[in-house]
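Readers should treat all values here as calculations from the given coordinates under stated rules, not as data from a laboratory. This is a predicted model, so every value here is computed, not measured. Cβ placement follows ideal geometry from the backbone for every residue including glycine, while neighbour counts extend to all protein chains displayed.
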Amino acid sequence: MAHAAIILTILLGFWGVVVKRNLIMKILAMDVMSTGVIAFFVIWAARTGVFTPIYKPWRQVDYADPVPQGIILTAIVIGLSVQALMLVGVMKLSRDHPTLEVESIEQAVADD
Amino acid sequence: MTELTTEPTLVWVALPFWLAFATYLLPALTRPSLVIMAGLTIAYAVQQGGLPGATAAPLELQLLDHFGVTLRIDGNAAAMLLAHGLVTLGVALYLDRRFVGSRFLAMQLLIVHGSANAVVISADLISVYVALEVLSIGVFLLLTYSRRAESQPILGESAPHRSCDRQLWVGLRYLFMSNVAMLLYLVGSMLVYVRTGSLAMSGLALADPTALALIAVGLLAKGAVFVAGLWLPLTYATADPVIAAVLSGFTTKAGAMALVRCSEFSPVLAQGLPYFSAGAAVFGILLALMASTPQRLLAWSSVSQMGFVIAAPQWAGLYGLAHGLAKPLLFVGAAITNRWRWSLLILGTASLAGVPGTLGYAAKALSLSALDPWHEWLLVGVTVGTTCIAVRVLRAFPSQTNGDTTPAAGWPDKVALVLWGGGLLWFWLPAAYDVDNLIKAFLSLGLGIPLGWFWERIPVKGWRLDEGLEAVVGGLSVVLVLAWILLSGVNHVALP
């Protein structure tokens with residue numbers, strides 16, 4: 001069930017990336033897609049248990065897998081910075097192209 | 001592995017990032033530290049057997065434990081590192097006071113240089129992911145921040161703000177495409193982890209086709225191979241020539257080198273690679289033949305050359321080095337107007353077309369002789385097209401700038417000629433000069449030169465592919481589906 005939801009989220013995000021005409025919407029769709037990817041890592045990490053993976057000798061519980069959690073933390077930070085950078089670029093672009101429609105921007109910047 | 005071999009490598013990997021952040025405090029040191037870093041990379045690459053013809057034992061570093069970072073410096077990586085060093089050194093000399101924003105660009109180039117180094121030596125999936133993402137952020141900033149140097153001519157641009165918008169849009173498109181591709185890559189590497197419990201590339205041997213297809217599509221998009229390379233032509237043609245030299249010199253090849261590294265560990269991927277290579281070479285050359293301006297000719301020819309880079313994995317580094325020195329010569333040579341331009345252009349095109357005596361010939365001969373017959377003859381056919389492109393690039397210039405060459409040559413031009421052109425001519429590989437290879441080279445030159453000379457008389461409509469953002473992302477999904485079909489078919493059906 002959780003895996004179906006993950007696949008659906010990633011596919012919906014990719015669909016939005018392809019279909020949406022507005023640049024902001026495309027970037028949001030990319031964020032939806034990356035949410036799906038993050039969920040995949042986190043849910044797989046929880047297959048062995050949901051306890052925070054900090055080992056205590058007196059605690060006999062089911063720990064979560066720390067490796068995917070550690071990796072996805074890096075990926076979240078990278079995704080956040082890429083998104084911030086893109087939005088700054090979009091802000092600069094919106095001065096001359098206030099609608100931010102991809103087609104109109106491409107027509108305006110075409111070289112011939 | 002002893003401490004003596006580990007430590008210099010770790011210092012060298014970390015140094016560009018450290019220098020880049022340190023130059024925020026000491027801006028005056030930006031350019032010198034870029035030059036020093038490039039020099040260090042050249043020295044390191046030579047020490048690891050990066051010179052063509054040299055060999056050295058591959059160096060494997062396992063940092064931390066089972067889940068740690070793995071680095072592997074072999075012959076391919078060392079040859080590419082040599083290209084990183086030489087291209088960065090040449091470009092560093094162009095980023096002088098006349099170049100607007102030179103300090104910021106030099107700092108950014110340090111980061112790009114460091115992350116490209118990290119990509120080619122990493123041997124685990126997540127290090128490659130992180131390094132590629134840093135690389136794409138750095139390339140985005142190089143693309144969008146660059147303004148034309150005052151000394152360089154402005155060709156056919158009416159409004160300056162329009163050109164700024166264009167650079168910004170092209171940069172955004174690159175970042176968007178690469179981020180989507182890297183998300184797919186991340187899913188693929190997680191699937192490998194699910195299957196094998198490890199993120200080392202050696203786990204790829206056990207991975208299922210879906211994981212391999214997702215990883216391949218991420219790296220194909222970063223490496224601009226086949227239809228996933230639709231983003232490349234407009235990006236190269238819009239970027240400042242000096243930045244285009246960096247892009248074509250090594251940043252785009254980083255993705256392809258990572259793909260080659262993955263295929264060394266996964267037999268299924270290695271079986272699929274020739275089809276991507278053939279597809280990229282043919283796709284790129286067909287569109288290059290249709291292109292009209294010199295920049296677009298060069299850019300589409302880069303797409304086609306990426307197919308050659310991944311053709312024979314054992315020679316990928318050498319081919320990357322040969323192409324990585326020839327394309328910067330051409331992009332810079334196309335932009336300058338002094339009398340040195342012809343030396344730059346002729347050397348670059350000679351190596352691109354594979355004239356015997358140049359490194360381009362040696363790399364091509366060695367790569368092609370390692371291939372299956374169908375693949376080899378297909379690529380020989382593509383070489384005819386490449387020669388045709390080279391001749392067209394040379395012929396395009398007299399008409400564009402009618403004798404307004406300035407006698408004053410900037411000294412960076414001379415140094416670039418010595419560094420890049422000298423690199424192309426210096427390396428002599430006797431293994432490449434046997435009769436078969438010489439016949440192939442003269443055959444393709446003999447067909448390609450007349451074809452290029454009389455190309456204008458052949459009535460071909462100059463049609464162009466849609467290179468908009470939607471086409472770029474659409475190309476990505478097409479490649480994903482193709483890769484999945486190809487890689488799941490390899491297991492069961494014996495392809496030709």
Quiz prompt | Size of segment B:308-459 as Cα extents on the principal axes (Å, biggest first) | solution = 48, 39, 24
Exercise. Sort B:R339, B:R392, B:R296, A:R95 so that the residue with the fewest other Cβ atoms within 10 Å of its own Cβ comes first and the one with the most comes last.
Key: A:R95, B:R339, B:R296, B:R392
Quiz prompt | Packing-based exposure ordering (other Cβ within 10 Å, fewest first) of B:W428, B:W300, B:W411, B:W340 | solution = B:W411, B:W428, B:W340, B:W300
Exercise. Using only C-alpha atoms and all pairs of different ones, pull out the Kirkwood radius for segment B:15-119 in Å with one decimal.
Key: 14.5
Quiz prompt | Mean projected area in nm² (Cα convex hull; one quarter of hull surface) for chain B | solution = 22.1
Exercise. Tally the DSSP beta bridges in chain B and give the antiparallel ones as a percent, rounded to 5.
Key: 75
Quiz item: Which value, in nm² and rounded to one decimal, describes the direction-averaged projected area of the C-alpha convex hull of segment B:160-271?
Solution: 7.1
Quiz item: Expressed as cubic angstrom per residue, what is the convex hull volume of the alpha carbon set of segment A:1-111?
Solution: 106
Self-check item: Of A:L100, A:L23, A:L85, the one that fluctuates the most in a GNM where chain A has Cα springs shorter than 10 Å
Solution: A:L85
Practice problem: With both partners inside the protein assembly as shown, how many of the DSSP beta bridges are antiparallel, as a percent to the nearest 5? | Solution: 70
Quiz item: Taking a threshold of 32 Å on the Cα-Cα distance, which of the pairs A:K20/B:K327; A:K56/B:K222; A:K26/B:K364; A:K92/B:K222; A:K92/B:K414 fall above it?
Solution: A:K20/B:K327; A:K56/B:K222; A:K26/B:K364; A:K92/B:K414
Quiz item: Tell me, what HN-Hα J-couplings in whole Hz come from the Karplus equation 6.51 cos²θ - 1.76 cosθ + 1.60 at θ = phi - 60° for each residue of segment B:475-487, using x for Gly and Pro?
Solution: x, 4, 6, 4, 5, 4, 5, 4, 5, 5, 4, 4, 6
Quiz item: Measuring from centroid to centroid over Cα atoms, what is the spacing of segment A:89-108 and segment B:110-136 in Å?
Solution: 31
Quiz item: Taking Cα atoms of the protein assembly as shown, Rg/Rh with Kirkwood Rh, to two decimals?
Solution: 0.96
Quiz item: Once phi is turned into ³J(HN,Hα) by the Karplus curve 6.51 cos²θ - 1.76 cosθ + 1.60 with θ = phi - 60°, what whole-Hz value does each residue of segment A:58-70 show in order, with x for glycine and proline?
Solution: 8, 10, 9, 10, 8, 7, 6, 6, x, 5, x, 5, x
Quiz item: Rounded to a whole number of µm²/s, how large is the Stokes-Einstein D of segment B:75-116 at 20 °C and 1.002 mPa s, given Rh as the Kirkwood radius over C-alpha pairs?
Solution: 196
Quiz item: Relative contact order for segment A:1-111 using alpha-carbon pairs under 8 Å, separation at least 6, rounded to a whole percent?
Solution: 24
Quiz item: Gaussian network model of chain A, Cα springs within a sub-10 Å range: biggest mean-square fluctuation belongs to which of A:A29, A:A64, A:A39?
Solution: A:A64
Quiz item: Once the principal axes of the Cα atoms of segment B:272-384 are found, what is the range along each, listed largest first in whole angstroms?
Solution: 45, 29, 19
Practice problem: Quote the relative contact order of chain B in percent (integer), defining contacts as alpha-carbon pairs under 8 Å separated by 6+ residues. | Solution: 15
Exercise. Before rounding to the nearest 500, sum -39500 (n - 2.57) across all DSSP H runs of length at least 4 in chain B and divide by the residue total; then give [θ] at 222 nm in deg cm²/dmol.
Key: -23500 deg cm²/dmol
Quiz item: Per Stokes-Einstein, at 37 °C and 0.692 mPa s, what whole-number D in µm² s⁻¹ belongs to segment B:222-317, with the Kirkwood radius over Cα pairs as the hydrodynamic radius?
Solution: 248
Practice problem: Rank the residues B:W463, B:W169 as a footprinting-exposure proxy: fewest other Cβ atoms within 10 Å of their Cβ go first. | Solution: B:W463, B:W169
